Amino acid sequence: GSSPVLRHLVCAQFLVRSGPASQLAMGGDRAWEASYADPLRCRPDGSSAELRTHAPPQVEEIQNDLCHIKMVMMHRPSHEPEREKTGEYPFSWHLGERRRLWELRLQIRFQRPPTSKMYFGVELDKFVPVSGMTKQAQKALVSACQRVVGDCYHTVGDDPAATQGEIESPAFVMPLWAFDQFHEADLGREPPITADLSGVGLCRAEGASKYITAMKASINSFSTEKVYTFCFWGVSKFLDIMRWEVVGGLMPGIKLDFNKLCGAPPVYLTIYELPGVSEQDKDQRHLASRKRQYFRAAVWSTLKPPSVSAVPAPVEESMDYLANAGGAGYEHPKPDAQLGGFDDLLGLGAAAESEPATKAAQGQAPAPQQTENVDLLGLF
């Protein structure tokens with residue numbers, strides 16, 4: 001396939017709402033915007049742009065030969081907690097009324113519709129050995145996320161020292177129906193993703209079974225003439241991305257440096273499919289050579305910055321791998337439901353460990369067992 005030209009476009013879209021709080025944050029006296037500094041950073045693969053949340057909010061656009069994506073990241077000001085009281089931060093009119101710590105919004109128009117099951121989530125670019133309490137914390141986080149989103153694929157990746165051939169990177173990915181909100185629109189009639197999307201499309205919270213059925217129907221008929229809006233916040237209560245910490249009561253009274261789990265920043269947001277891999281295949285690993293990548297972006301916080309060499313240099317590359325073989329602590333809102341004790345989370349439940357996926361390349365010695373592929377909602 002031809003190498004795409006990724007473009008970074010900025011649209012100054014923002015919503016002005018009525019009411020005292022929103023007037024303070026999005027209208028009226030907006031002198032605070034000049035002093036607002038957001039530590040969250042993002043760099044899409046192939047782009048030279050280092051993206052961040054702006055005041056006023058902006059929509060980031062990325063285009064490749066598979067799709068055109070608009071992206072907005074909302075985050076409570078955990079790096080400057082005093083802004084919670086004043087509402088002087090982007091999207092305070094939205095986040096201030098909710099318990100979520102952050103929300104990711106994506107709007108996708110496919111130029112080449114997918115042909116197989118799609119996944120979205122996070123991945124690392126290298127194997128990270130974990131042990132002891134760090135391993136327990138990782139299991140607790142994965143278990144908690146599984147309880148929120150249900151079906152997922154989690155792998156700690158292949159240890160290069162113990163694996164022959166291509167290795168799988170560490171990842172936690174989910175099917176598209178793990179998004180919390182979804183909307184399908186005819187081209188040109190899609191909602192602005194910086195707007196209030198209350199009541200727009202479908203939400204998982206309104207009924208998971210109905211939501212998943214509708215999502216699957218839409219996924220099976222993805223069109224180049226439609227625009228699809230996805231919103232995700234379900235696991236936000238566990239991860240403070242600004243401060244690069246695991247939070248949310250997983251371990252009462254303890255906040256964990258996210259680098260203990262990911263090794264070092266950045267982590268990568270990703271959306272891909274695995275064409276040619278069937279459920280009957282012995283080797284179910286999500287290898288880079290098997291992925292058709294629709295979106296991938298490095299994410300980090302300047303409060304826990306990566307080394308200069310860790311952030312990928314801008315390169316122009318195809319997203320289709322198949323064709324190209326600090327400060328005061330932040331008390332974030334109380335979770336919607338108690339997750340139980342720490343020991344409970346480590347158990348992961350019978351379903352979480354009953355069917356570990358096989359991790360062995362054909363004709364090669366199998367790598368150590370490392371993958372959890374769990375369907376907690378009984379979707380398959």
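The values are calculated or read from the model by the stated rules, or taken from the named source; none is laboratory data. Remember, it's a predicted structure, so these values are computed and weren't measured experimentally. Every residue, glycine among them, receives a Cβ derived from its backbone with ideal geometry; neighbour counts consider all protein chains shown. Just so you know, the surface numbers come from the protein's heavy atoms only, side chains and all, with ligands and any DNA or RNA stripped out. Shrake-Rupley method; radii C 1.70, N 1.55, O 1.52, S 1.80 Å.
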Handout entry: Cα-centre dipole for region 60-216 with unit charges at Cβ (Lys and Arg positive, Asp and Glu negative), debye to 20
Key = 500
Practice task
May I ask you to rank SER223, SER236, SER307 by accessible area, largest first, using a 1.4 Å probe over the protein chains only?
Solution key: SER307, SER223, SER236
Fill in the blank from the handout: Between the modelled labels at GLU33 and HIS68 (7 Å from Cα along Cα→Cβ) the distance in nm is 2.6
Completion exercise
Between GLU82 and LYS126, Cβ-based FRET efficiency (R0 41 Å, step 0.05) works out to 0.65
Handout entry: Placed amide H near MET118: partners under 5 Å, 5+ positions off or other chain
Key = LEU176
Exercise for the section: First compute the accessible area of region 177-289 with a 1.4 Å probe, then give the percent of it belonging to carbon and sulfur atoms. Expected result: 52
Completion exercise
Measure of exposure for THR213: accessible area at 1.4 Å probe, Å² rounded to 10, is 90
Exercise for the section: Quickly work out the ASP196-to-SER278 label distance, labels modelled 7 Å from Cα along the C-beta direction, and quote it in nm with one decimal. Expected result: 5.1
Completion exercise
So, with points 7 Å from each Cα along the Cβ direction, the LYS210-ASP186 label distance in nm works out to 2.5
Completion exercise
Per the rule of 0.36 nm per residue minus the C-alpha distance, extending LEU303 to ASN220 adds in nm 25.8 nm
Problem - Residue-span extension gain [ARG98 to GLU166] - 0.36 nm each, minus C-alpha spacing - result: 20.2 nm
Fill in the blank from the handout: Checked region 44-91 with the C-alpha gyration tensor, a ≥ b ≥ c its square-rooted eigenvalues, rounded below a/c of 1.5, otherwise prolate if a/b is larger than b/c and oblate if not; verdict prolate
